[in-house]
Amino acid sequence: MEAPPVTSMPVTGGAVNMMEYLLQGSVLDQALESLLHRLRGLCDNMDPETFTDHELVYLLKGQQGNPFILRARRSLSHPTSPWHLRYLGQPEVGDKSRHALVRNCVDVAASHSLPEFLNEMGFRMDHEFTANGHMFRKGVMKIVVSKLSRILVPGNTENTERLSLSYLVELSVLAPAGQDTVSEDMRSFAEQLKPLVHLEKIDPSKQRH
């Protein structure tokens, strides 16, 4: 089943209904410290925010077409913080001149009973994972470097297995529709991270669950 690229963006709250501009890449474990050093020099916060999150991906299958996907995420570092429910729309593929993937993003805070609510609404939990890493900021841009791990026993975030020997790197901006100039700023910033990491506009047709 084709799906939008997975994202490991940490729970930070924010816009209710915005467009997300996104570039993604990866860096091997042994190159992590070099990348973090470069980001400390380029970003506004020399000491990045750290996070450990648990995300559950829910599907609601309709009569036809692709299922409706919602993402429920909670912070394991701050267990009393609200859950967050996120909807990521299908990427807009019409404008080839854009330097970043663009999709609708709805992000709302929710109570700790969110999983039970989604189950009662007919959603089925498809898969879950944990993400832990570092988050930097540069103006309106957010740079997240995270390690993704699959959960081996449903609901047990202590029993995990790393998905790869690399870290996912994401550069994103949340902005109102039509602010396409931010993608040029993102491209310029991404150039400064080469050759440590190559951030790209990921083709959603190549992303699968």
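The values are calculated or read from the model by the stated rules, or taken from the named source; none is laboratory data. Note that the structure is a prediction, hence the values are computed from the model and not measured. Here the Cβ is made from the backbone with ideal geometry for all residues, glycine too, and neighbour counts use every protein chain on show. Note: areas computed on protein heavy atoms with side chains; ligands, DNA, RNA excluded. Shrake-Rupley method; radii C 1.70, N 1.55, O 1.52, S 1.80 Å.
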S164 being surrounded by fewer than 19 Cβ atoms within 10 Å (Cβ to Cβ) and either over 12 Å from the mean Cα position of the chain (by Cα) or in a strand (DSSP E or B) (or both): yes
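What number of residues within the stretch 179-199 satisfy the criterion of being out of contact with any helix residue (DSSP H, G or I) (no Cβ under 9 Å at 6 or more places or on another chain), in contact (Cβ under 8 Å) with a residue 40 or more places away in the chain and not polar (S, T, N, Q)?
7
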Within the stretch 170-186, of all residues that are assigned to a strand (DSSP E or B) and open to solvent by less than 60 Å² (accessible area, probe 1.4 Å), the one nearest to N104 (Cα to Cα) is A175
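Out of S75, S81, report the one residue that is open to solvent by 20 Å² or more (accessible area, probe 1.4 Å) and among the polar types (S, T, N, Q). Quick ask: steps written out before the conclusion?
Details: S75 fails: open to solvent by 20 Å² or more (accessible area, probe 1.4 Å).
The match here is S81.
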When (1) assigned to a loop (DSSP other than H, G, I, E, B); (2) touching a strand residue (DSSP E or B) at 6+ places or on another chain (Cβ under 9 Å) are applied to N156, the one that fails is (2)
Count of the stretch 84-123 residues which are assigned to a helix (DSSP H, G or I) and surrounded by fewer than 16 Cβ atoms within 10 Å (Cβ to Cβ): 4
Can you find, within the stretch 140-161, the residue that is most open to solvent (accessible area, probe 1.4 Å) among those that are more than 15 Å from the chain's Cα centre (by Cα) and among the hydroxyl-bearing types (S, T, Y)? T160
For the stretch 129-143, give me each residue that is assigned to a strand (DSSP E or B) and either under 19 Å from R187 (Cα atoms) or in contact with a Lys or Arg (Cβ under 8 Å, 6 or more places away or on another chain) (or both). F129, A131, N132, G133, M135, F136, R137, K138, M141, K142, I143
Return only the number of the condition from (1) buried (at least 19 other Cβ atoms within 10 Å of the Cβ); (2) under 24 Å from L28 (Cα atoms) that R137 does not satisfy. (1)
Among the residues of the stretch 41-64, how many are open to solvent by 80 Å² or more (accessible area, probe 1.4 Å) and either part of a helix (DSSP H, G or I) or more than 24 Å from S81 (Cβ to Cβ) (or both)? 4
Restricting attention to the stretch 25-39, which residues are in contact (Cβ under 8 Å) with a residue 40 or more places away in the chain and in a helix (DSSP H, G or I)? D29, A31, L32, S34, L35, L36, R38, L39
Residues satisfying the stated conditions in the stretch 56-76, i.e. modelled with pLDDT of 95 or more and either at positive phi or among the hydroxyl-bearing types (S, T, Y) (or both): Y58, S75
Log entry, pairs with first residue in the stretch 141-153 being of a type in the set (F, W, Y) and modelled with pLDDT of 95 or more, second being open to solvent by 20 Å² or more (accessible area, probe 1.4 Å) and part of a strand (DSSP E or B), beta carbons closer than 7 Å, six or more apart or on different chains, reads none
